[in-house]
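Following: one structure in structure tokens, then a few remarks.
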Amino acid sequence: MEAVLYEAGFPVDLLTQEQRLVLSELTPQELTLLLDVKSRLDAVGPEVQAHGEIAGGALF
């Protein structure tokens, strides 16, 4: 489970043991959903980051 999350870009090595335990207990459906949400957030990441840099962190 941790390897899958790490490959997807989650900083698992920075998580606490408790957080790792929660992730290890995810169902396959929950893991799929988490990876999907991360993928969609990453897809708009540069746009969101640019807004934060240009507008001083104001939310659009």
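Listing for the model above:
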quantity: Residue-by-residue Karplus 3J(HN,Hα) for the stretch 14-25, coefficients 6.51, -1.76, 1.60, Hz, glycine and proline x; calculated: 9, 7, 6, 4, 5, 5, 5, 5, 4, 5, 5, 9
quantity: Summed side-chain charge close to V22 - residues other than V22 whose Cβ falls under 15 Å, Lys, Arg +1, Asp, Glu -1; calculated: -3
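Values quoted throughout were computed directly from the atomic coordinates according to the rules given, and no laboratory measurement underlies them. What you are looking at is a predicted structure, and each value in this text was computed from that prediction instead of being measured. Every residue, glycine among them, receives a Cβ derived from its backbone with ideal geometry; neighbour counts consider all protein chains shown.
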